[in-house]
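Participant: So that we are looking at the same thing, I have put the structure below in structure tokens.
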Amino acid sequence: MYLRRTRVSTASRSWFVTARIAAGILQMTLHDLRHTAASLAVSAGADVKAIQRMLGHASAAMTLDIYADLFDGDLDDVSARLDDVAAKSVVGFLWVMGKSGNKNPRNH
């Protein structure tokens with residue numbers, strides 16, 4: 001559903017342009033604000049699916065097609081978290097033990 005553009009002056013300005021000028025903000029569009037909201041959500045650590053729903057995209061793939069470059073820093077963060085979990089967990093040991101039958105994961 002789209003909202004009809006409301007005119008607030010006799011000129012051809014929309015309510016947004018009138019408000020932007022009154023606030024002294026540089027030229028931008030509502031769509032620019034949408035991209036800003038998505039960028040801020042990514043930098044705040046929001047999940048791709050959450051951003052997809054926030055923006056109303058049909059799929060997470062569509063969101064990633066547009067904003068994938070903003071998620072590049074996540075790889076280092078994921079790697080660090082995996083290292084932390086692995087250091088605190090016995091899951092890797094249990095998996096190796098189950099595969100090899102050895103009780104010592106170093107002798108797999």
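Rule-based calculations on the coordinates, nothing more; no lab input. The structure presented is a predicted model; accordingly, all values stated were derived computationally and were not measured. Every residue, glycine as well, gets a Cβ built from its backbone with ideal geometry; the counts of neighbours run over all protein chains shown.
Participant: Calculate the spin-label point distance for L75 paired with A37, positioning each point 7 Å from the Cα along the beta-carbon direction, and give it in nanometres.
Facilitator: Label at A37, label at L75, 3.0 nm between them.
Participant: Each residue of the stretch 50-59 in turn: what ³J(HN,Hα) in whole Hz from Karplus with 6.51, -1.76, 1.60 and θ = phi - 60°, glycine and Pro shown as x?
Facilitator: 5, 5, 4, 5, 4, 8, x, 5, 5, 8
Participant: Could you give the length gained by full extension between I25 and A68, i.e. 0.36 nm per residue of separation minus their alpha carbon distance, to one decimal place?
Facilitator: Full extension from I25 to A68 adds 12.7 nm.
Participant: Further, regarding this structure: Sorting check: for 26-37, 61-72, which peptide has the highest mean count of neighbouring beta carbons within 10 Å, and how do the rest follow?
Facilitator: Highest mean packing first, the order is 61-72, 26-37.
Participant: Next question. At T18 and A86, where each label point lies 7 Å from the Cα along Cα→Cβ, what is the point-to-point distance in nanometres?
Facilitator: Label-label distance for T18 and A86, simple model: 6.0 nm.
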